[in-house]
Amino acid sequence: MVVTWNPADCSPNITLSNGNTTATKGPDGEYSGVRGTVSYSTGLRYCEATVPSDNEGSVGLATASEALDAPLGYGSLEGVGMYDDGTVWMEYNYSLASGSFGDTRVGFLVDLDARLLWVKDSTGAWIHGGDPAASGEGLDISMLTGPLFPMMCGHFLNDTSTIYGTPETITLGLPAGATAWGDDGSGTPELPRKAIRSIFWFSAPGEVVEEPDDLTKIRWTMDGLTSPIPASNPAFPDATLYGANATANGTNVVLNQHDYIEVVSPVFGLPIETYQQPSVARISFNGIANTAESTILLDMFEWAVSQVALEVPWMLNVLRVTNMRQGPSGEEWEQIDSDVGDLKIGTNALYEVEWTDDPQGTGGTFRFYVDGVQLGADKPSQYKLRLSDGMDVSVNASLGNTSSSRNGVEVEYIEVGYKA
């Protein structure tokens with residue numbers, strides 16, 4: 001489904017063109033508007049549109065009750081509009097950004113569950129609501145109730161707005177965790193990648209397969225990498241090694257303090273409407289933890305959205321999982337330890353944590369494994385687990401922070417398995 005301007009929900013003095021993606025105001029001197037063809041009540045949605053070039057025209061979001069013959073958002077509780085001078089109006093309240101935005105593209109990110117709005121300019125910089133990836137609070141649009149549509153409103157002759165709602169037409173960058181406006185999943189999704197043979201010399205994505213246990217698995221292996229590791233570490237689309245002290249022996253990469261591996265934003269493709277919640281998820285680290293100091297085996301983190309991390313905490317002989325997500329009631333965070341057991345420190349071992357959803361409850365169950373053997377009892381989870389597409393996957397660091405990195409962390413492979 002592609003979002004366009006709707007000829008059936010349009011003022012008579014608006015002309016549509018370019019497959020109904022461009023709306024142009026005629027010469028009558030009155031306010032004239034048009035709504036988009038697609039509305040949403042929940043989820044994190046994003047679209048882009050051009051702002052009309054005079055300070056009476058605007059583009060933004062509205063309910064089905066917003067008048068087509070009135071300025072969008074101004075004096076109204078049914079819409080929010082971005083104007084040429086950078087102001088965003090809703091009722092008689094406004095947010096101000098300096099500059100002139102006429103005939104330029106802007107992006108609208110809306111959390112329909114929290115009723116928050118962020119706006120970015122044509123350079124991709126967030127100009128209203130702050131940066132959502134850096135805890136920007138967003139503009140409160142909670143007075144807009146019900147489904148929201150994109151909407152433009154023109155006032156002067158040739159006020160024009162073009163809407164862009166597909167991944168192919170979005171140019172300012174689809175924000176992490178958001179779904180393009182009009183994307184109902186019926187198109188061909190970008191599939192997760194699997195089986196990266198070498199983080200340095202195999203950059204093409206591998207195939208995605210359904211494993212016998214019915215989990216889709218994405219694995220990154222270190223096979224074939226030997227020392228001396230090149231001084232310049234090319235950043236391939238899938239994985240990058242940072243730091244100057246790592247070595248390799250053909251099977252394992254040996255990370256030392258301030259060395260880490262990072263995979264940027266693998267695509268899991270779980271629906272944002274259900275907070276990207278899998279029914280089962282398993283994260284795995286195969287390698288050697290050479291010390292019982294606190295060691296980050298695998299950290300998956302999108303700032304202010306979700307985190308799942310598997311680590312060996314300081315001198316406790318347990319595995320620990322950190323589970324954080326932005327859910328329907330805000331940020332939900334917990335740390336859960338396995339029972340005490342033999343972690344096989346100093347030997348090549350497979351460390352895993354598996355989460356299973358409780359469909360009837362608020363959380364689920366964590367299970368910990370070492371070399372395929374469960375480490376103690378099941379551990380209840382208070383919250384659901386979230387796998388967001390904007391997660392950075394790291395070993396020996398978290399979002400590039402190496403303050404907890406350790407010497408002698410050997411990595412044979414890392415893997416993420418999940419099922420919707």
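The values are calculated or read from the model by the stated rules, or taken from the named source; none is laboratory data. What you are looking at is a predicted structure, and each value in this text was computed from that prediction instead of being measured. Glycine also receives a Cβ, built like all others from the backbone with ideal geometry; neighbour counts cover every protein chain displayed.
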For the range 265-278, pairs from a residue that is under 14 Å from PRO328 (Cβ atoms) to a residue that is hydroxyl-bearing (Ser, Thr, Tyr) and crowded, with 17+ Cβ neighbours inside 10 Å, with Cβ under 7 Å and 6 or more apart or across chains, are ILE272/THR179; GLN276/SER388
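Every residue, every condition in (1) assigned by TED's automatic domain parsing to the domain that holds THR171; (2) over 16 Å from LYS120 (Cβ atoms); (3) at pLDDT below 90; (4) within 27 Å of the chain's Cα centre (by Cα), yes or no:
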| site | (1), (2), (3), (4) |
| --- | --- |
| THR37 | yes, yes, no, yes |
| GLY43 | yes, yes, no, yes |
| CYS47 | yes, no, no, yes |
| ASP54 | yes, yes, yes, no |
| GLY60 | yes, no, no, yes |
| THR63 | yes, yes, no, yes |
| GLU66 | yes, yes, no, no |
| LEU72 | yes, yes, no, no |
* Quick one: would you say GLY107 is in the same structural domain as ALA49 (by TED's automatic domain parsing), under 18 Å from LEU44 (Cα atoms) and at pLDDT below 95? -> no
Worksheet entry | Test: residue in the range 163-176 that is surrounded by 14 or more Cβ atoms within 10 Å (Cβ to Cβ), within 21 Å of TRP5 (Cβ to Cβ), polar (S, T, N, Q) and modelled with pLDDT of 90 or more | no
Result of the Cβ filter at 7 Å on the range 322-337, keeping first residues that are of a type in the set (Ser, Thr, Tyr) and partners that are at pLDDT 90 or above and surrounded by fewer than 16 Cβ atoms within 10 Å (Cβ to Cβ), at least 6 apart or interchain, is THR322/GLN335
When the range 276-318 is checked residue by residue, the ones that are under 15 Å from THR347 (Cα atoms) and modelled with pLDDT of 85 or more are PHE285, ASN286, GLY287, ILE288, ALA289, THR295, LEU297, VAL312, ASN317
Checklist entry - Does ALA377 fit the bill of being small (Gly, Ala, Ser) and in a strand (DSSP E or B)? => result no
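Here's the yes/no breakdown for (1) at pLDDT 90 or above; (2) buried (at least 22 other Cβ atoms within 10 Å of the Cβ); (3) under 20 Å from TRP333 (Cα atoms); (4) among the polar types (S, T, N, Q):
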residue: VAL373; (1), (2), (3), (4): yes, no, no, no
residue: ALA377; (1), (2), (3), (4): yes, no, no, no
residue: LEU387; (1), (2), (3), (4): yes, yes, yes, no
residue: ASP392; (1), (2), (3), (4): no, no, yes, no
residue: ASN396; (1), (2), (3), (4): yes, yes, no, yes
residue: GLY400; (1), (2), (3), (4): no, no, no, no
residue: SER404; (1), (2), (3), (4): no, no, yes, yes
residue: VAL409; (1), (2), (3), (4): yes, yes, no, no
residue: TYR418; (1), (2), (3), (4): yes, yes, no, no
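Quick one: which residue in SER405, SER394 is hydroxyl-bearing (Ser, Thr, Tyr) and outside any strand (DSSP E or B)?
Just one listed residue meets the conditions, SER405.
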| Test: GLU56 is of a type in the set (Asp, Glu), over 16 Å from THR162 (Cα atoms), in contact (Cβ under 8 Å) with a residue 12 or more places away in the chain and crowded, with 20+ Cβ neighbours inside 10 Å | no
If I filter the range 235-252 for residues that are in contact with a Lys or Arg (Cβ under 7 Å, 6 or more places away or on another chain) and either modelled with pLDDT under 80 or part of a strand (DSSP E or B) (or both), do I get at least one hit? yes
For the range 263-284 the number of residues that are crowded, with 20+ Cβ neighbours inside 10 Å and in a strand (DSSP E or B) is 5
The residue from ALA180, ALA231 that alone is out of contact with any Lys or Arg (no Cβ under 7 Å at 6 or more places or on another chain), at pLDDT 60 or above and of a type in the set (Gly, Ala, Ser) is ALA180
The residue that is farthest from ALA62 (Cα to Cα), considering only those in the range 122-137 that are without any contact (Cβ under 8 Å) to a residue 40 or more places away in the chain and surrounded by 20 or more Cβ atoms within 10 Å (Cβ to Cβ), is TRP126
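Report whether or not TYR260 is under 30 Å from GLY182 (Cβ atoms) and either among the hydroxyl-bearing types (Ser, Thr, Tyr) or not assigned by TED's automatic domain parsing to the domain that holds ASP113 (or both).
For TYR260, the condition - under 30 Å from GLY182 (Cβ atoms) and either among the hydroxyl-bearing types (Ser, Thr, Tyr) or not assigned by TED's automatic domain parsing to the domain that holds ASP113 (or both) - is not met.
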Residues of the range 3-52 being among the hydrophobic types (A, V, I, L, M, F, W, C) and surrounded by 20 or more Cβ atoms within 10 Å (Cβ to Cβ), in sequence order, are VAL3, TRP5, ILE14, ALA23, VAL34, VAL38, LEU44, CYS47, ALA49, VAL51
When the range 69-93 is checked residue by residue, the ones that are free of Cβ contacts under 8 Å to residues at least 40 places away in the same chain, of a type outside the set (A, V, I, L, M, F, W, C) and surrounded by 17 or more Cβ atoms within 10 Å (Cβ to Cβ) are GLY73, TYR74, SER76, TYR83, ASP84, THR87
- For ARG367, state whether it is in contact with an Asp or Glu (Cβ under 7 Å, 6 or more places away or on another chain) and in contact (Cβ under 8 Å) with a residue 12 or more places away in the chain. yes
* Asked: Hey, does the range 343-354 have a residue that's in contact (Cβ under 8 Å) with a residue 24 or more places away in the chain and among the aromatic types (Phe, Trp, Tyr)?
  -> yes
